[in-house]
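Data block below; observations after.
The values are calculated or read from the model by the stated rules, or taken from the named source; none is laboratory data. Predicted model only: the values in this text are computed from it and were never measured. Here the Cβ is made from the backbone with ideal geometry for all residues, glycine too, and neighbour counts use every protein chain on show. SASA here: full protein model, heavy atoms, side chains in, ligands and nucleic acids out. Shrake-Rupley method; radii C 1.70, N 1.55, O 1.52, S 1.80 Å.
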Amino acid sequence: MSDYDVAVIGAGNGGLTAAVSLAKRGLKVLLLERHNVPGGCATSFIRGRFEFEVALHQLSSIGTPDNPGPLKMMFERLGIMDKIEFVVGETMYRIVAPETLDVVLPADKARTLEALKARFPKEREAIDRFLDLCYKLCMEWINVDVMNDPAASKEKYPLLFKYRFQNAKSVLDEYFTDPELKLALGIYWLYIAMPPSRMPFFDLALMLFIFLEFKPDHIKGGSQ
């Protein structure tokens, strides 16, 4: 161990990022992983002629040439952006409830608003207000947690203090009456395996904001 400056336990997404970041700063890094391949959630396995992702089937925060996201900038700092090819997704998701609901939400705020209002015309105003809330909440979070505003306060960031610890169900109930609309906008609970009653609303708002602003990307060839 005396041959190394740092030991990183686990070669998942976080461990790999930490190890490469430290190595690029000139430190000698020992990276340890008990699995036979690195990658953590970004690994895959083969059954017959098919290859399956363990978890990471798409990424957010790569962005576009006109609106680069923070993940793209991080990959560029790590020197790996030119080694990966991304395929931009046109939609966030399609949600189907047999015989009642079939809606596709594009990875674009204006088009998603249009699709939701066409399917749920009685809640047009509520849909606008809800997505505006998601955006404003995330912008407050960026100022506080990303930009490290030293003067953060309840008065300066009222939405963050009001909603950050509320669950997704309570906020969806606050804004909407149609259960299918709540289903259509709350389906990202599947990502973190928590029902809306336990899922933090901030997580839902952040996922909607990121996928709408920075698009979903698939890694060509798979994450492994």
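In region 62-80, which residues are buried (at least 17 other Cβ atoms within 10 Å of the Cβ), touching a helix residue (DSSP H, G or I) at 6+ places or on another chain (Cβ under 6 Å) and farther than 22 Å from Val104 by Cβ?
Gly69, Phe75, listed by residue number.
All but one of (1) assigned to a loop (DSSP other than H, G, I, E, B); (2) open to solvent by 50 Å² or more (accessible area, probe 1.4 Å) hold for Cys41; which doesn't?
(1)
Residues are listed down the side, and each one gets a yes or a no for (1) open to solvent by 30 Å² or more (accessible area, probe 1.4 Å); (2) out of contact with any His (no Cβ under 7 Å at 6 or more places or on another chain); (3) aliphatic (A, V, I, L, M):
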| position | (1), (2), (3) |
| --- | --- |
| Gly89 | no, no, no |
| Met92 | no, yes, yes |
| Val96 | yes, yes, yes |
| Thr100 | yes, yes, no |
| Val104 | yes, yes, yes |
| Ala110 | yes, yes, yes |
| Glu114 | yes, yes, no |
| Arg124 | yes, yes, no |
| Asp145 | yes, yes, no |
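Within region 148-187, work out how many residues are in contact with a strand residue (DSSP E or B) (Cβ under 8 Å, 6 or more places away or on another chain), surrounded by 14 or more Cβ atoms within 10 Å (Cβ to Cβ) and assigned to a loop (DSSP other than H, G, I, E, B).
Selection size over region 148-187: 2.
Select from region 67-92 the residues that are in a loop (DSSP other than H, G, I, E, B) and more than 25 Å from Tyr188 (Cβ to Cβ) and list them in ascending order.
If the condition is that a residue be in a loop (DSSP other than H, G, I, E, B) and more than 25 Å from Tyr188 (Cβ to Cβ), then Gly79, Ile80, Glu85 are the ones that fit.
Would you confirm, using the coordinates I've provided, whether Ser197 is part of a loop (DSSP other than H, G, I, E, B), at negative phi, among the polar types (S, T, N, Q) and open to solvent by less than 50 Å² (accessible area, probe 1.4 Å)?
Judged against the criteria, Ser197 is not a match.
Can you go through Ala126, Ala152 and tell me which one is within 16 Å of Val171 (Cβ to Cβ) and in contact with a helix residue (DSSP H, G or I) (Cβ under 8 Å, 6 or more places away or on another chain)?
Ala126
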